[in-house]
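The values are calculated or read from the model by the stated rules, or taken from the named source; none is laboratory data. Bear in mind the structure is a predicted one, so any value in this text is a computation, not a measurement. Backbone-built Cβ (ideal geometry, glycine too); neighbour counts: all protein chains shown. For the accessible areas, the whole protein counts, side chains as well, though only heavy atoms, and no ligand, DNA or RNA atoms are used. Shrake-Rupley method; radii C 1.70, N 1.55, O 1.52, S 1.80 Å.
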Amino acid sequence: MTALTFDPRLVALPNTHFVDGKRLTGEGVIPVYGPSDGRLLCHLPEAGDALVDHAVRLARDVQMRSGWASCAPRERGRVLRRWADLVDDHVVELARLEALCSTRPIAETTAWDVPFTAEGIRFFAEYADKLGGDVAATQSDLLGLVLAEPYGVIGAIAPWNFPLVMGSWKIIPALVAGNGVVLKPSEMTPFSIIRLAELAIEAGVPAGLFNVVQGTGPITGNALVRHPICGKLTFTGSTRTGIEIMKAAAESGPKPVTLELGGKSPQIVFDDIRNVDAVADRIVRAFTGNAGQVCVSGSRLIVQKTIHDALVEKIIAKAQDFRAGALEHAATRYSPIISQRQASAIETTIHAALQEGASALVPLKRLDGPGGVFLSPCILSRVTPQMQAVKDEVFGPVLTVQTFEDEAEALSLASHGTYGLAAGVHTVDLGRAMRAVRHLKAGTVWVNRYGRSSDFVIPTGGYGGSGIGKDLGRQAVEANLRYKSVLMAFES
Ligand code: NAD
C-alpha cells in the first residue's frame, strides 16, 4: 500500500448542500455510487424550488451587501489566491473525495485535478482588477465610459466528468467578476465541491455568496436555471441538456448563457508526419484518457491512406494494455465508465456499428475489475459517416478510423453537421496545417499535439452544437460581466 492508496470506507462523505457558509443536510433520496466498484456510497438530498430560491436570494443579498462587488477588486483577488493556497494544502482530502465518486484515479486527482484546480483559481484571481471597462473615444466635451459590472447571481451547472476542474471553471470567473454563484454539481459527483466551498469560507469569501445545491437536472437544475434572480447561466454538459437550458433561459428571462457542450472531435493525420510512433501515442491518449469520457476526446481518426497501415498498426498495439483497478489504489491509471447505464449505451452504439458493417480492429470488452464497468479501448474501421458511432458523441474509449486520399477529402470528412468542439491536425507542412485551421469549424484546433496546455490563457469552447461562449482565458471572466454605457456632458 503506497501513500496514495486509501480506504474509501474511512472517508466521511459531505453528502449535503452548502448554503450560507454551512453544510445543510436533507433527506437522502438520490443514490450515489462508486464507479470503480459499483458500491452504494450514500443517498444525496435534493434541493427543490424552495431551497434553490433561498440559495439564490441569499447569494444576491450577500453579493449586494457584503462588499464583494464594491470592494477594491484586488481584495477579491487576494481572497481567491488564499483559496487556491488552501486547495493546495488540502490536496489529499480533496483528491480522495474526487476519486470516490468520479471516474478519476487517486494518482491523477492528486497529481492533476486538485493542483490544476488551485492553479486555475490563481489564474482567474489575477483578472480581479484588470477588466474594469473602457473610456470611449467620443467628442471632446463628452466623457464616454463603458463600465464592466457583474450580473449579480450566476446560476452554474456542472457535469460529472471532472467535477472539481469543471466546477471551478464556472465558479471562479463568476466570483472574480464580482458576482454571487449558485452551483449545482452533477448528482453523480457531489462531494469534492462541498469541501471546495468550505475552503472558500476559510479564505474569506463571504458566507452565502457561493452556495451549492444538490439534486438532479429536472428538479434542482431546472429550478436554478429558471430562477428570475439568476442574471446569467453557465453550463457544462451534453448538447441535449444545453438545448433544454437555453429554452429555459429564454422562457425565464431572457438571460444569457455560456454553454460548454459535447463534441465528436476529428484527428487528421497526413502522411508527412515524421514520428509515426509519437503520433500513435497522441491518438491513443486522446481517445482513452478518462476512458474517453472527455468532451474533447479525439474520437474520429481521419488518416491519409498512404500512412494508414503504419499508423493504425501502432495504435492497435498501444491500445491493448489497459487494466481495471479501484480508483482508490495508487497503481490504477485507467478509468471506469461512470455508470452501468452509460456503459450499456456505449456497447449498444458499437453493436449497431458492427451490425451495419463496421469491423472492430480492436473489440470493445468489459475488463475484469473490482465491480464497476471498465471498457477496454475499441477501434472501429469500415465505418460510414451515417453510423451513430461516427455521428454521435459516444463518451467512451472508442476510436473510429476513416481514410482519405487528399486534403480536400480530409477536411470534408472532418466536418461534422452538429459538433465543433475541437480538432487535431498532424502534419509538418505549415501551409496544410494553416489551411486546415482556417477551414475547420471548431472552437479549438490543435496542430501536432492534442490537448490543452497546462496554463489557462487559451479559451475553450465550441462552435455550433458544441456550445456558446468560452471557459478559460480572459474571455471566461468577461462572460461574467455586463457593460453599462455612460455618457457625461461637462456642463448642465
Ligand atoms: P448532462 O447534460 O447529462 O448533465 C450535466 C449537468 O446538467 C448535470 O449536473 C445534470 O444534473 C444537469 N442537468 C440535466 N438536465 C438538466 C435540466 N433539464 N436542467 C438543468 N440541469 C440539468 O451531462 P453529463 O453526462 O453530466 O456530462 C457529459 C457531457 O458533458 C458530455 O456531452 C460532454 O461532452 C460534456 N462536457 C463538455 C465540456 C466542454 O467543455 N465542452 C466539458 C465536460 C463535459
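Once both labels are positioned 7 Å from their Cα atoms along Cα-to-Cβ, the gap between residue 147 and residue 10 label points is 5.5 nm.
Evaluating 6.51 cos²θ - 1.76 cosθ + 1.60 at θ = phi - 60° for every residue in segment 307-324, the Karplus couplings come out as 10, 3, 5, 4, 6, 5, 4, 5, 4, 4, 4, 7, 9, 8, 9, 10, 10, 6 Hz, glycine and proline recorded as x. Relative to the dominant Cα principal axis of the chain, helix 276-288 is inclined by about 60°.
Nonpolar atom fraction for the chain, defined as the carbon and sulfur part of the 1.4 Å probe accessible area, stands at 53 percent.
Grab the beta carbon distance between residue 360 and residue 250, set R0 = 45 Å, and tell me the FRET efficiency rounded to 0.05.
0.55
Figure the gain on full extension for residue 345 and residue 490 (residue separation times 0.36 nm, minus the Cα-Cα span) and round it to one decimal in nm. Result for the pair: 45.6 nm of gain on full extension. Each residue of segment 268-273 is assigned a 3J(HN,Hα), and the resulting list reads 9, 10, 8, 7, 8, 4 Hz, derived from the Karplus form 6.51 cos²θ - 1.76 cosθ + 1.60 (θ = phi - 60°), x at Gly and Pro.
How many times 2.2 N^0.38 Å is the alpha carbon radius of gyration of segment 219-311? After normalising by residue count via 2.2 N^0.38 Å, the value is 1.59.
Residues whose amide H falls under 5 Å from that of residue 186, counting only those 5 or more places apart or on a different chain, are 158, with hydrogens built in the peptide plane.
Cα centroid separation, segment 401-415 to segment 190-253: 40 Å.
For residue 264, neighbours were defined as the other residues whose beta-carbon sits under 9 Å from its Cβ, and their charges (Lys and Arg +1, Asp and Glu -1) total 0. Here the Karplus curve 6.51 cos²θ - 1.76 cosθ + 1.60, taken at θ = phi - 60°, turns the phi angles of segment 422-436 into couplings of 8, 7, x, 10, 10, 6, 9, 8, 5, x, 4, 4, 5, 5, 5 Hz, with x standing for Gly and Pro. How far is helix 163-176 tilted off the main Cα axis of the chain, in degrees rounded to 10, range 0 to 90? The helix 163-176 is inclined about 30 degrees to the chain. The spacing between segment 328-366 and segment 265-320, judged by their C-alpha centroids, is 18 Å. The radius of gyration of the Cα set in the chain, together with its Dmax, comes out at 23.3, 80 angstrom.
Modelled this way, with points 7 Å down the Cα-to-C-beta line, the labels at residue 229 and residue 112 are 3.9 nm from one another.
Close amide H pairs (under 5 Å, H built 1.01 Å from N) link residue 403 with 303, residues at least 5 positions away or on another chain.
Computed from the C-beta positions of residue 475 and residue 428 and an R0 of 25 Å, the FRET efficiency is 0.20 to the nearest 0.05.
Summing +1 for each Lys or Arg and -1 for each Asp or Glu, what net charge is found among the other residues whose Cβ lies under 15 Å from the Cβ of residue 213? Could you put the intermediate results ahead of the total?
Numbers: positive: 22, 23, 57, 60, 170, 184, 226; negative: 20, 27, 46, 49, 53, 187.
Overall, the nearby charge balance is +1.
The modelled label-to-label distance between residue 88 and residue 458, using points 7 Å beyond Cα along the C-beta direction, is 2.5 nm. Considering only beta bridges that DSSP places wholly inside segment 266-457, some 20 percent are antiparallel. Roughly what % of DSSP beta bridges within the chain run antiparallel, to the nearest 5? Once the DSSP bridges in the chain are tallied, antiparallel ones form about 45 percent.
Ignoring ligands, DNA and RNA, what accessible area per residue does segment 96-210 give at 1.4 Å, in Å²?
Details: 2950 Å² over 115 residues.
Accessible area per residue, segment 96-210: 26 Å².
Relative to the longest principal axis of the C-alpha atoms of the chain, give the angle of the C-alpha long axis of helix 239-251, reported between 0 and 90° and rounded to the nearest 10°. Relative to the chain, helix 239-251 is tipped by roughly 30 degrees.
The residue list 292, 456, 331 was ranked by how far each Cα lies along the charge dipole of segment 266-457 toward its positive end, using unit charges on Cβ atoms, and 456 comes out on top. For a straight C-alpha distance cut-off of 22 angstrom, the lysines reachable from residue 305 (same-chain residues fewer than eight places away being disregarded) are 264, 314, 318, 391. Scanning residues 5 or more positions from residue 42 or on other chains, those with amide H under 5 Å from its amide H are 32, with H placed 1.01 Å from N in the peptide plane.
Quick check on my link table: of 130/484; 232/441; 184/247; 247/441, which ones sit more than 20 Å apart, alpha carbon to alpha carbon?
232/441; 247/441
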